[in-house]
């Protein structure tokens, strides 16, 4: 069974795509928690960051570099927050690794 993100990557489910390349897709979150909230999703299924291996090292780096690049394109020069949820207690809702990028407002600390 495909994850929600695999269905978005396959264009079975519509999404507002901000960027796409051979390794990842960037979409706007359907329930934004900040004025700007997008997700950077690897096309390769990695269920969660705790299950990533050294073989995933290049794609993990690509996700962060893509997050920074898209944040710049979306004028988040004042700053942004990157969040990766892992497991039920970490707030994971979809078992497909993805990077949340939130910006456009002051972020509080501690989160959650």
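All of the numbers you see were taken from the coordinates with simple rules; none came from a lab. For clarity, every value in this text was computed on a predicted model and none was experimentally measured. Positions of Cβ are backbone-derived with ideal geometry, glycine not excepted, and every protein chain shown enters the neighbour counts.
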Residue that is surrounded by fewer than 16 Cβ atoms within 10 Å (Cβ to Cβ), without any contact (Cβ under 8 Å) to a residue 24 or more places away in the chain and touching a helix residue (DSSP H, G or I) at 6+ places or on another chain (Cβ under 8 Å), where the choices are 57, 44 = 44
Could you look through the range 3-22, keep only residues that are touching a helix residue (DSSP H, G or I) at 6+ places or on another chain (Cβ under 9 Å) and free of Cβ contacts under 8 Å to residues at least 40 places away in the same chain, and pick out the one that is surrounded by the most Cβ atoms within 10 Å (Cβ to Cβ)?
-> 15
Could you check, for the range 80-99, whether at least one of its residues is at negative phi, exposed (fewer than 12 other Cβ atoms within 10 Å of the Cβ) and touching a residue at least 40 places away in the same chain (Cβ under 8 Å)?
-> no
